[in-house]
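Written below as structure tokens is the structure these notes are about.
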Amino acid sequence: MNIVIFGPPGAGKGTQSKFIVDKYKLHQLSTGDLLRNEIKNKTKLGNEISSIINSGELVSDTIVSNLIEKFISNKNFKNKIIFDGYPRTLAQAENLDSLLKTYDQKIQIVLKLNVSLETVKKRILERKILEKRTDDNEEVAIKRFQTYERSSAPVLEHYKQSNLVKVINGEGTISQINTEISGLIDANKG
Ligand code: AMP
């Protein structure tokens, strides 16, 4: 099954994706990780995007779409992907639909993690100590949250139309959220 995990920065998408990958033997496709790798490896693309990422804005749809096609077209990952941080705009959701169609795949479930801005700020400051991400500070966290609020509604609306969205309370503990997610995935598998 292909899964989309959706939610604001600091919602726990990465943490929960890793848990889902282990439990259901899927592959995590995190566009944030792919982009950070480009910056770390000082590629031409990395140089172009570092200031955008550090300002809390989204990089262009074209850049991220190019990155994900390699993954979707890989036969080893067919129908075994968890999309973490993609799609973030309606254009990306439409692009994903068309790519999945090309490679004869579909999305089974969209998990939406709900968390408040207060929780986002708290988690991002905790994560900064552990992961040292350059975009993890309070000012950029607020900006990223606002970017999410602005761009997420049409994406959710898109998936609601196909009845794929399951909302999860992202304020709980990691293990409470694990349990809720497993229940939803198991029910979906039938
Ligand atoms: P994340 O690790 O998912 O929080 O992403 C970190 C940053 O990478 C975001 O704030 C954006 O600047 C950029 N980014 C990640 N995924 C996308 C995407 N699907 N579209 C545009 N920008 C993205």
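The values are calculated or read from the model by the stated rules, or taken from the named source; none is laboratory data. Small disclaimer: the values here were computed from a predicted structure and weren't measured. In this analysis, Cβ positions are derived from the backbone assuming ideal geometry, glycine residues included, and neighbour counts consider all displayed protein chains. All accessible areas refer to the heavy atoms of the entire protein, side chains included, with ligands and DNA or RNA removed. Shrake-Rupley method; radii C 1.70, N 1.55, O 1.52, S 1.80 Å.
Remarks
- Taking the DSSP bridge list for the chain and keeping only pairs wholly inside it, about 0 percent are antiparallel.
- Kirkwood hydrodynamic radius over Cα pairs of the chain, then Stokes diffusion coefficient at 25 °C and 0.890 mPa s, in µm²/s: 145
- Normalised per residue, the accessible area of the range 93-190 is 58 Å², obtained with a 1.4 Å probe and no contribution from ligands, DNA or RNA.
- Label point distance in nm, GLU94-GLU139, each placed 7 Å from Cα along Cα→Cβ: 3.6
- Accessible area ranking (1.4 Å probe, heavy atoms, ligands and nucleic acids excluded), largest first, for LYS143, LYS80: LYS80, LYS143.
- Under the simplified labelling scheme, the ILE129-THR179 pair shows an inter-label distance of 2.7 nm, with each label point 7 Å from Cα along Cα→Cβ.
- CD proxy at 222 nm, helix term only [per DSSP H run n ≥ 4: -39500 (n - 2.57); per residue of the chain; nearest 500]: -19500 deg cm²/dmol
- Cβ charges +1 (Lys, Arg) and -1 (Asp, Glu), total dipole of the range 88-139, debye: 160
- Relative contact order for the chain, counting Cα pairs under 8 Å that sit 6 or more residues apart, in percent: 33
- Highest mobility in the GNM of the chain, judged by mean-square fluctuation with C-alpha springs under 10 Å and restricted to LEU100, LEU130, LEU90, is found for LEU130.
- The range 58-104 and the range 131-146 have Cα centres spaced 24 Å apart.
- Computed over the range 97-175, the percent of Cα pairs more than 15 Å apart is 68.
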